[in-house]
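The values are calculated or read from the model by the stated rules, or taken from the named source; none is laboratory data. Only a predicted model underlies this, so the values are computations on that prediction, with no experimental measurement involved. Cβ coordinates were reconstructed from backbone atoms using ideal geometry, including for glycine residues, and neighbour counts include every protein chain displayed. When the accessible area is computed, the model is the full protein with side chains, heavy atoms only, and any ligands, DNA or RNA have been set aside. Shrake-Rupley method; radii C 1.70, N 1.55, O 1.52, S 1.80 Å.
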Amino acid sequence: MDQISHRFLHVNGLKLHVAEVGSDSSPAVIFLHGFPEIWYTWRHQMIAVANAGFRAIAPDYRGYGLSDPPAVPSKASYDDFVYDIASILESLSVSKVFVIAKDFGAWVAYSFVLLHQEKIAGIVTLGMAFMPPAAYKHDLAIPKGFYVQRWQVHRLSVLLTCKFVQITMRTCN
């Protein structure tokens with residue numbers, strides 16, 4: 001684990017923690033953790049990926065691990081995670097990336113991929129199947145207080161639905 005370096009990036013008004021291993025000139029892989037995890041979830045995979053010739057990057061989302069929480073946590077949204085990933089990659093001068101995500105991180109990954117197709121080399125998700133944005137149900141019968149309720153309603157849903165339809169129509173034509 002000594003191979004993994006840590007830094008803080010100032011993006012979107014916050015100081016976000018990022019763990020990295022591998023050469024800056026190597027193809028990049030970003031690992032997105034689930035809930036309630038942090039970058040550390042991916043430590044073994046990061047080293048294996050770096051040993052295979054890639055640059056492994058694993059951020060802590062805003063308010064997780066060593067990253068700053070938003071100024072007003074109740075106003076933070078799921079969208080913020082997606083924008084933070086784009087900003088992190090921009091700060092690290094990563095133009096193309098493989099995205100690997102699990103659990104809650106898969107939602108972030110799918111949204112990021114739909115909005116930033118030009119930056120994507122590939123995507124792998126664990127524990128969460130892809131659902132077209134229009135299929136997200138905001139009225140699921142989930143027990144009160146269950147963590148996913150916090151992130152069910154987000155401003156990106158309409159934008160993502162439009163983007164998904166554009167991609168689908170382009171593929172079908």
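Just give me the residues in the stretch 32-46 being in a loop (DSSP other than H, G, I, E, B) and either β-branched (Val, Ile, Thr) or open to solvent by less than 50 Å² (accessible area, probe 1.4 Å) (or both), in sequence order. First the steps, then the outcome.
Within the stretch 32-46, the first condition is being in a loop (DSSP other than H, G, I, E, B), and the residues that meet it are 33-38.
Once the filter is applied, which keeps residues that are in a loop (DSSP other than H, G, I, E, B) and either β-branched (Val, Ile, Thr) or open to solvent by less than 50 Å² (accessible area, probe 1.4 Å) (or both), the stretch 32-46 yields HIS33, GLY34, GLU37, ILE38.
Please determine, by comparing only the residues of the stretch 104-120 that are among the aliphatic types (A, V, I, L, M) and in contact (Cβ under 8 Å) with a residue 24 or more places away in the chain, which one is surrounded by the fewest Cβ atoms within 10 Å (Cβ to Cβ). Walk me through how you get there before you give the answer.
If we filter the stretch 104-120 for residues that are among the aliphatic types (A, V, I, L, M), which is where we start, we get 106, 108-109, 113-115, 120.
Of the ones still in play, those that are also in contact (Cβ under 8 Å) with a residue 24 or more places away in the chain are 106, 108-109, 114-115, 120.
Details: ALA106: 23, VAL108: 23, ALA109: 26, LEU114: 22, LEU115: 18, ILE120: 15.
In this case the residue turns out to be ILE120.
Please state which one of VAL29, VAL49 is surrounded by 23 or more Cβ atoms within 10 Å (Cβ to Cβ), at pLDDT 95 or above, not polar (S, T, N, Q) and not in a strand (DSSP E or B). Break it down stepwise before answering.
Numbers: VAL29 fails: not in a strand (DSSP E or B).
Going through VAL29, VAL49 in turn, the sole match is VAL49.
Can you pull out the residues in the stretch 52-81 that are open to solvent by less than 40 Å² (accessible area, probe 1.4 Å) and of a type in the set (Val, Ile, Thr)?
ILE57
I need a count of the residues in the stretch 21-40 that are in contact (Cβ under 8 Å) with a residue 60 or more places away in the chain and either closer than 18 Å to PHE112 by Cβ or over 15 Å from the mean Cα position of the chain (by Cα) (or both). Give the derivation first.
Of the residues in the stretch 21-40, the ones in contact (Cβ under 8 Å) with a residue 60 or more places away in the chain are 24, 27-37.
Next, from what is left, pick out any that are either closer than 18 Å to PHE112 by Cβ or over 15 Å from the mean Cα position of the chain (by Cα) (or both): 24, 27-35, 37.
Number of matching residues: 11.
Going by the conditions given, is VAL82 in contact with a Phe, Trp or Tyr (Cβ under 7 Å, 6 or more places away or on another chain), of a type outside the set (Lys, Arg) and either over 20 Å from TYR110 (Cβ atoms) or modelled with pLDDT under 95 (or both)? If you could, list the steps in order and put the result at the bottom.
On the way: in contact with a Phe, Trp or Tyr (Cβ under 7 Å, 6 or more places away or on another chain): yes; of a type outside the set (Lys, Arg): yes; either over 20 Å from TYR110 (Cβ atoms) or modelled with pLDDT under 95 (or both): yes.
Taking the combined requirement at face value, the residue satisfies it.
Going through the stretch 1-26 one residue at a time, which ones are farther than 20 Å from TYR83 by Cβ and open to solvent by 50 Å² or more (accessible area, probe 1.4 Å)?
Hits for the stretch 1-26 are MET1, ASP2, GLN3, SER5, HIS6, SER23, ASP24, SER25.
Note down all Cβ pairs under 8 Å where the first residue falls in the stretch 75-103 and is under 16 Å from PHE35 (Cα atoms), the second is part of a helix (DSSP H, G or I) and open to solvent by 30 Å² or more (accessible area, probe 1.4 Å), and they're at least six residues apart or on different chains.
That search, which allows pairs on different chains as well, returns TYR78/TRP107; VAL82/LEU115; ILE100/GLN45; LYS102/THR41.
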